[in-house]
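Visitor: Pasting a structure here, questions to come.
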Amino acid sequence: MNYSTTKIAFSGRMALLAIILSAFAFVGQANAEEFTAKEKAAIAEHHQIIENQMAKTENELESTLQSEFDAQVKNSEQEFMQLACTAHGLDFDNSTGVCFE
């Protein structure tokens, strides 16, 4: 059997460059500065805008869902009353919601 071996060329320069880049990345993260007061105020303002928009969107969604639910309940009630009136040989009036002869 012939086993082939693969030789990977090792470059000392590339290893040194990789170590230097890794060190700069680490030092850069370690020396990250805090936000200034102006930057913190801008961030807080953006968070407030996002919170306000989310609250507005949630309220609109809740309102839409509630109106759709109310319409479905009304339709179901009318359908039930129509069936109940018909089962008893009566007619159903949609405007008043009552059965009559």
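Visitor: Quick one: would you say Val73 is touching a helix residue (DSSP H, G or I) at 6+ places or on another chain (Cβ under 9 Å) and aliphatic (A, V, I, L, M)?
Guide: On the way: touching a helix residue (DSSP H, G or I) at 6+ places or on another chain (Cβ under 9 Å): no; aliphatic (A, V, I, L, M): yes.
Spelling it out, it is not the case that Val73 is touching a helix residue (DSSP H, G or I) at 6+ places or on another chain (Cβ under 9 Å) and aliphatic (A, V, I, L, M).
Visitor: Could you say which residue among Ser76, Ser67 is surrounded by 10 or more Cβ atoms within 10 Å (Cβ to Cβ), under 30 Å from Thr96 (Cβ atoms), within 31 Å of the chain's Cα centre (by Cα) and modelled with pLDDT of 80 or more?
Guide: On the way: Ser76 fails: within 31 Å of the chain's Cα centre (by Cα).
Criteria check complete, one pass: Ser67.
Here is a yes/no grid of residues against (1) among the aliphatic types (A, V, I, L, M); (2) more than 41 Å from the chain's Cα centre (by Cα); (3) modelled with pLDDT under 90:
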site: Thr6; (1), (2), (3): no, yes, yes
site: Thr36; (1), (2), (3): no, no, yes
site: His46; (1), (2), (3): no, no, no
site: Ala71; (1), (2), (3): yes, no, no
site: Thr86; (1), (2), (3): no, yes, no
site: Ser95; (1), (2), (3): no, yes, yes
site: Val98; (1), (2), (3): yes, yes, yes
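The values are calculated or read from the model by the stated rules, or taken from the named source; none is laboratory data. Please read these numbers as outputs of a predicted model, since none were measured by experiment. Counting neighbours? That spans all protein chains shown, and the Cβs are built from the backbone with ideal geometry, glycine included.
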